[in-house]
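Engineer: Sharing a structure below in structure tokens format, with a few things to ask.
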Amino acid sequence: MSSEVPTEYVTLPAPNFGLYPNTRDGDCDGNIMPLHIPMYGLTTFRRIRVDIQTMTVDVRDRRFATSTNNVNKYGRAIDCYTRHVGNVRNSCGPKGTFHIDTTGTGLVFNRTLEWHLSPGSSWGTVNKSADGTVIDLLGGGYCGGIRPYEPMTLEINPLEVVGDTTDDVCA
């Protein structure tokens, strides 16, 4: 008997992706500069790792993720574009995005999942579809944004039936 813990993944039929832009404009004065840090890039996830016992997503697992540069964590909208002070959005940002879409999986993220800003110069928003299958994040700061309070857990989506549910009928 193996002591190895099974590894399970949920295939994401719809694209799940985040963009960490490669530019900054710290004072929103139009002086846009390139970033010289390795965090930027567009990351796309085809599958996410899930602990099947707890239905918790491992946001650090990048096995089925690809990126134009650096593979970032799942479910985070972050950038280094500009500062946002006192939870007030600066006029030229943020630029970090993440698009979560569980359509076709029969699952949704826990509806009570909360999001937080980190660090203090960040700003962000969370927009969810009515059925909970799509979550769009917009966030950023000097270097930060919006991220989930972990754990990110999945649950059955009662509004979505996945697979063939028709019975064969013999005449």
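Only the coordinates and a few stated rules stand behind these numbers; no lab work does. None of the values given here were measured: they were computed from a predicted structure. In this analysis, Cβ positions are derived from the backbone assuming ideal geometry, glycine residues included, and neighbour counts consider all displayed protein chains.
Engineer: Which option, (1) -0.59, -0.84, -1.19; (2) -0.88, -1.02, -1.13; (3) -0.46, -0.73, -1.24, is the value of log10 I(q)/I(0) by the Debye sum over Cα atoms at q = 0.12, 0.15, 0.19 Å⁻¹ that was calculated from these coordinates?
Structural biologist: Only one option fits the structure, namely (1).
Engineer: If you rank Ser91, Ser122 by fewest surrounding Cβ atoms within 10 Å, what's the result? Working shown, then result.
Structural biologist: Values: Ser91 8, Ser122 26.
Ordered by Cβ neighbours within 10 Å, fewest first: Ser91, Ser122.
Engineer: Sticking with this structure for a sec: Which of the peptides 140-146, 79-85, 150-156 is most tightly packed, and how do the rest follow, going by the mean number of other Cβ atoms within 10 Å of each residue? Numbers along the way, then the final one.
Structural biologist: Values: 140-146: 25.1, 79-85: 22.7, 150-156: 15.3.
Per-residue mean Cβ counts within 10 Å order the peptides as 140-146, 79-85, 150-156.
Engineer: Can you tally the net charge around Met152? Count Lys and Arg as +1, Asp and Glu as -1, for every other residue whose Cβ sits under 13 Å from the Cβ of Met152.
Structural biologist: Net charge around Met152: 0.
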